[in-house]
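Just so it is clear, none of the values below were taken in a lab; they were calculated from the coordinates. A quick note: this is a predicted structure, and the numbers were derived from the prediction, not measured. Here the Cβ positions follow ideal geometry from the backbone for every residue, glycine too, while neighbour counts run over all protein chains shown.
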Amino acid sequence: MIGIDAKALAYCRWGLVLLLYAGSGDCATWQVGPSQELKLPSQAAIVAGNDDIVEIDAGLYPNDVATWPQHRLILRGVGGRAHLEAMGNNAEGKATWVIKGDDVTIESIEFSGARAKALNGAGIRFEGTNLTIRDSHFHDNQMGILTGANPSSEITIEGSEFNDNTVDYRLLGKLGHNIYIGGIKRFTLNHCYVHDANTGHNVKSRARENYLLYNRIGDETRASSYLVDFPDGGEAYLIGNQFRQSAASENRAMLSFAAEHNQTLPHQTLILINNTLVNDKPDGMFLNNHSIVRPILINNLLVGASLIGLESSDRQHNIVANSEGFRNRGAFDYRLSAGASAINQGIDPGVATNGFLLSPAYQYRHPARIEKRLGSGALDVGAYEFAPSDQLSPRGHTHPHAREQSSPVPSR
């Protein structure tokens, strides 16, 4: 009797299924998990086609890596997050998942343990055009997510956590970052929890347009280099974020703009609206702006650092303090307590020149969630609104032609 390799037989079965789906002309939904025909995400990467959906059962998938060339693909965990634990492995010498297709959506996936010879092993290396990530977790890789340059691409990350993605700089001389976005058209980070990039940056983006909305970004158990770095300048809109810098941070500044390129380029934008910035570094700075652009700061709560670097900025209704009435500063809970000086001290920030609505309609809710910003009276300064429970109402705006801010989009 001729022996048949079990793995070869399994691939034959997948091939027959693939032919059936291809013949139907419809997109397919592939089920992955220990009790499914496809046991590993990497097996689905072989058989999936354009427009398909890959549903991965919650659980641990150790040492499994893959390259995904398909377009308009949805990859999502079901029943909880599917954990891709790379255990030092990678696809193409790059990442746990190398995404090459366009218009890809990733939901409820956990990435950890990616390593690469180039010291930039990432949870995801994105090489396509347009990516959306929701409800995912990237931790303990050399890079959380790393993307290439693509001037047509837009990347949106919502409701996700990034932490402890790092390289030992003192030993190896390279930095690892939680998020590193290349030169793309637009980057949006919405209600994410990004923290503890040891020696690297929590967020680094070379995108032409950047929208950081309602995030918690900070040093909590480790010390990063920058909380946010826009090395090429561009357009940056930071609204409703909570930032915290450790006393042990590598850099004085929490935020950096145009440190590498485009310092004298006109028509750039740097706008900070209703953020809470807490700097525990004794000689810390809130912002290091290397460009000729005049930053606009409205309704920000600035705690603990000097205004060095903000001398030429356009500042309105910000509060500068050594301390503030937070609910629990030691636990990084910067919601306002009754009697806080920030209550009812803000103004309507209006609309940006590109039509983007600047008034905060939402606020961050820990961990990696979002909620309507409710209040009464004037807008509060900072990332959070305080109001008695019987007087709450949604914050609105009176700018009928404004472009609305991003809000959570239901999965399909």
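Values as computed for the structure displayed
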read-out	value
Chain lengthening between Ala149 and Glu260 when straightened (0.36 nm per residue, less Cα-Cα)	38.4 nm
Beta bridge orientation in the range 28-394: antiparallel %, DSSP, nearest 5	10 percent
Surrounding net charge for Arg115, when Lys and Arg each add one and Asp and Glu each subtract one, Cβ distance under 15 Å	-2
Cross-link pairs Lys94/Lys204; Lys174/Lys204; Lys39/Lys117; Lys117/Lys174 - those with Cα-Cα distance over 21 Å	Lys39/Lys117
Residue order, fewest to most beta carbons within 10 Å, for Met87, Met254, Met143	Met87, Met254, Met143
In the range 67-160, GluC sites (Glu not before Pro) in a DSSP loop with at most 13 other beta-carbon atoms within 10 Å	Glu92
Label-zone membership for the range 139-183, site Arg369, 7 angstrom Cα→C-beta point, backbone N under 18 Å	158-162
Exposure proxy ranking, count of Cβ atoms within 10 Å, fewest first, for Glu220, Glu55	Glu220, Glu55
Whichever aspartates and glutamates have a C-alpha closer than 17 Å to that of Lys185, once near sequence neighbours (fewer than 8 apart) are set aside	Asp102, Asp103, Glu127, Glu154, Glu209, Asp229, Asp232, Glu235
Helical mean residue ellipticity (222 nm; -39500 (n - 2.57) per DSSP H run of 4+; nearest 500) of the chain	-2000 deg cm²/dmol
Size of charge dipole - the range 28-394 - debye, nearest 20, with Cβ of Lys, Arg +1 and Asp, Glu -1, no other charges	440 debye
Reachable aspartates and glutamates from Lys372, criterion Cα separation under 17 angstrom, eight or more residues apart if same chain	Glu158, Asp348, Asp380, Glu385, Asp390, Glu404
Charge sum, other residues only, whose C-beta stays under 9 Å from Thr156's C-beta, Lys/Arg counted +1 and Asp/Glu -1	0
Proxy reagent accessibility, fewest Cβ within 10 Å first, across Lys117, Lys372, Lys204	Lys117, Lys372, Lys204
Positive-pole candidate from Tyr61, Val381, Ser42, dipole of the chain, charges at beta carbon	Val381
Nearest 10 degrees, 0 to 90: helix 6-24 Cα axis against the chain principal axis	70 degrees
Three-way shape call for the range 94-243 based on the alpha-carbon gyration tensor, with the a/c threshold at 1.5	rounded
Separation between Cα centres of the range 90-110 and the range 118-197, rounded to whole Å	11 Å
Neighbour net charge for Gly49 - beta-carbon separation under 11 angstrom, K R +1, D E -1	-2
Inter-label distance, nm, simple model (7 Å from Cα along the C-beta direction), Asp140/Asn344	5.0 nm
Whole-number D in µm²/s for the chain (Stokes-Einstein; Kirkwood sum over Cα pairs; 4 °C, 1.567 mPa s)	58 µm²/s
Förster radius 51 Å - calculated FRET efficiency between Ser35 and His267, Cβ distance, rounded to 0.05	0.35
